[in-house]
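Each reported figure results from applying straightforward, stated rules to the coordinates on display, with no laboratory input. Being a predicted model, the structure only gives us computed values, none of them experimental. Counting neighbours? That spans all protein chains shown, and the Cβs are built from the backbone with ideal geometry, glycine included.
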Amino acid sequence: MSEHVGKPSSINIVNCAFLIGMPILATASLIYYSLNYGISWFEPIIFIAFYLASGLSITAGYHRLFSHRTHKAAWPLKLFYALFGAAAFQNSAIKWCSDHRRHHRKTDKEEDPYSVNRGFFWAHIGWVMVDEGEEIVENVKDLQADRILAWQDRHIFLIGFLVGILAPGLVGLAWIGGIHGFLGGMIYGGFVRVVVVHHATFLINSAAHTWGSQPYSTENSSKDSPILSFLTFGEGYHNFHHTFQADYRNGHKWYHWDPSKWLIKSASWVGLTRELHKIPPKVIEARKMKRTFQKKADGNEIENQFQERFTECIAQMRNGFTELLQRRKEYTVAKQSKKSQTKDGWKAVKEGHKIRIKQCKIRIAKARIEFKLLVQAMRLNINSKAITA
Ligand SMILES: [Zn+2]
Ligand SMILES: [Zn+2]
């Protein structure tokens, strides 16, 4: 990897020592601790607490708030992300976001700092171990102007050590007491947790660009993987994310496992986040339909009749969603005049609104069925052509 064309590169000793040394330290100290003190409830709890705080600070904070500006956050939450993001030992938010924004602008290209085209290992961890110009900080002026992030950038390693290593030790000391409590906190909430959060995050750059489906786009190597989402606070829906990076969600359906999305949403109920940006459902679904249509047509000549039916489906679905939005707005407005009406009067008005909303949903469902039939017709057409050939 050090011979990559056109870029002078050298081994980053500090990063290498940290990335190799930390798993060794975590394993050795875990064995020593287990033999001497065993395990109780305290160790897993402290591990999970620091795992959640630092992991979510990377995914909801570094990634969705700072890198992509998918929403706005109040300063106490930003400070929390700055403190626990540092505890994840993945560099300052400013540097992390500089790399990440470059990754999105140049995905899979030479300039992509963690391009999977250079191999799984490179995308996972190799790029951190070798200096190849990633230290160039660019396209993050907005973040450099933020006082909390500028402060974090200046003292990143000190904050990381205090919050990520010393603090869990002190929590253990206060909880259990003595060297037992301090070591337990430091090993489980510090060393072991840092290694787990590291590799969970690295998997987004390696595994989420290697395994999974591409329901929205094949323009780059990003993939959707629900399994990976369980390990990475919802970041496994990476094909969706690369296609719609302005969305604060990665798993856009309510049932998609995406704790980062749930954190951002629930923080909005107490005023810690606001202006949460969502891509409209009609845009998402149209994109998915387009991708399925292209996949079916791939390598086959698309007949005019199919193209026409496809355009019709998209139009029906889009119109259905636009109307649904309108009808829902009308219903919300009507609710305000509820008190000025008689009980029966309001009941009739409410029924009328509900029927109109239902009609829109039926229209959308019909467009979906039409699309399924179209895909089936295309498949049959392709198959029959193959047989006659
Ligand atoms: Zn991203
Ligand atoms: Zn990516």
In degrees from 0 to 90, rounded to the nearest 10, what is the angle of the helix 193-205 Cα long axis to the longest principal axis of the chain?
40 degrees
Using alpha-carbon positions, the gyration tensor of the stretch 229-269 gives root eigenvalues a ≥ b ≥ c; with a/c under 1.5 called rounded, otherwise prolate if a/b exceeds b/c, else oblate, the class is oblate
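Quick check on my link table: of Lys290/Lys358; Lys78/Lys261; Lys265/Lys339, which ones sit more than 24 Å apart, alpha carbon to alpha carbon?
Lys290/Lys358; Lys265/Lys339
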Reachable aspartates and glutamates, given that their alpha-carbon falls under 14 Å from the alpha-carbon of Lys141 and they are not under 8 places away in the same chain:
Asp99, Asp153
Chymotrypsin sites (Phe, Trp or Tyr not before Pro) lying in DSSP loop within the stretch 21-121, provided at most 14 other Cβ fall within 10 Å
Trp41
Pair Gln326, Lys278: separation of 7 Å Cα→Cβ label points (nm)
2.0 nm
Excluding same-chain residues fewer than 8 positions from Lys338, which aspartates and glutamates have a Cα within less than 20 Å of its Cα?
Glu330, Glu351
For the stretch 16-59 and the stretch 343-357, what is the separation of their Cα centres, given in Å?
58 Å
Taking Cα centroids, how far is the stretch 317-333 from the stretch 105-146 in Å?
42 Å
